[in-house]
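Read the structure below first, then the notes.
Just so it is clear, none of the values below were taken in a lab; they were calculated from the coordinates. Computed from a predicted structure; not experimentally measured. Neighbour counts are summed over all protein chains in view; Cβ atoms, including those assigned to glycine, are modelled from backbone coordinates with ideal geometry.
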Amino acid sequence: MRRLPIKVKLTLAFAGIMAVVLAATGWFVYVQMADQLDHSIDNGLRTRADEVSALIHHADSGFRPGGKDLIEKEEGFAQILDTRGRVIDSSFKARAVPLLSSAERRRALEKTTFLDRDAISGIDPSEPIQARLLATPVTARNERLVVIVGASQEDRNDALAGLRNQLLLGLPIALLLASLAGYGVATASLRPVERMRRRAAAISSTEPGQRLPVPPANDEIGRLGHTLNAMLTRLEDAFNRERAFVSDASHELRTPLAVLKTELELAMRGGRSVEELETALESAVEETDRVVQLAEDLLVIARSDQGKLPVRLAPVDVEDVLTDVKERFAIRSRETKRELVAEPTGDLQVTADPIRLRQALGNLVDNALRYGNGTVSLSARALNGSVELHVRDEGNGFPPEFIPAAFERFSRADGGRGRGGTGLGLAIVQAIARAHKGEAVAANLPDGGADVWVTIPVTPAAQPPATGTD
């Protein structure tokens, strides 16, 4: 059953329901027809009983067996009994034998009674037929009598038999036609799904931009098609980002590795002085550090894409974090003759990973020292249940067209803020912010310079347990 196609399963379910409905309908029609026929027979019996009773009331002599006939001979089943069960009068087909037993006669003397007989003499005494009798008490000329009238149920049974045969023949045909119609409807309804399946089987990464055919009707299948197409768009965008990520990463790794190889090849050549060898090795170490840093940055980006960037939440004093970052870059700020200040924040606290928070602020300060000018300031403020950690400089700021893409991986601004770097620093800041259910934002200050900040909820939503290592 599990291996059957959906349209077959739907057809079988529809056929089962229709079989129950048709059977119930046929049974209801049959019962209603039987009731109507019985009601018609009973009404006819009452009418005939009234007629015979009227004849008895108008009789001009006493009632005794063998007396004057009170019943017309063509009236079918009719009989008159006295209290002792003797036949006063009867139709010719049942003259000799009382139609009621003693118990039935006593009950009939008290109230009108309907009785069914499986076999009673009909028009032809040799062929008994099924009949329905009505026995009712009559009092005439101070005598208590029982009037019995009957009617053959042959026509009723024939009518019911004909109806039964028609139902037994018509209902299976109706069920078959309904099942075929249900199969056709199921096939037509699932045809768009089959078209989408065939198109989905043909879609590959070598032919981007293909989408599933969506039926024009805004039904469940149409909405499914739109949902799947939206999913394909997201997957295609993710694939393009991954492909661009791999391409950019390869490009970024190629340069320092080529420089490293060149320096090592030069160092291996004979006839070089100690100073030249030291210079080559220092350059090789610098390029190695750059490759290591790039690899670590790529690892952070990859983990953030998988939703597995580890964060270990703990209460963090914001002012301590700003002070630590300032001290970390103190030597570099002196070498570049740039002032680095951390504004006091009081007792402001946030629930975050202190290592990741310092990494994000360190990337922002490194970016400001590398590309900006003037004083670099670190500050924080509480706003709407979150804490904003700002890093500002006094340089030329970002090109306006770069700001929307500032946090994209391998994204670099043109001009003064585009010298060197891998283009991953701000992307890592965004990854860390989002791992804390926050956001990173970049803007230009009205008086010049850049302002980049990270928004961290004071009490972020429950985080998944940290996995892996930094």
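Tabulated data for the structure shown
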{"quantity": "Spacing of the two label points (7 Å from each Cα toward its C-beta) at residue 324 and residue 219, in nm", "calculated": "6.1 nm"}
{"quantity": "Modelled FRET efficiency - R0 35 Å, residue 405 with residue 337, Cβ distances, 0.05 increments", "calculated": "0.70"}
{"quantity": "Modelled FRET efficiency - R0 51 Å, residue 201 with residue 382, Cβ distances, 0.05 increments", "calculated": "0.40"}
{"quantity": "Per-pair calculated FRET efficiency, R0 = 35 Å: residue 102 and residue 28 via Cβ, rounded to 0.05", "calculated": "0.30"}
{"quantity": "Label-to-label distance, nm, for residues given as residue 181 and residue 373 (7 Å Cα→Cβ offset)", "calculated": "8.4 nm"}
{"quantity": "Sequence-distant residues sharing a close amide H with residue 78 (under 5 Å, placed H)", "calculated": "91, 150"}
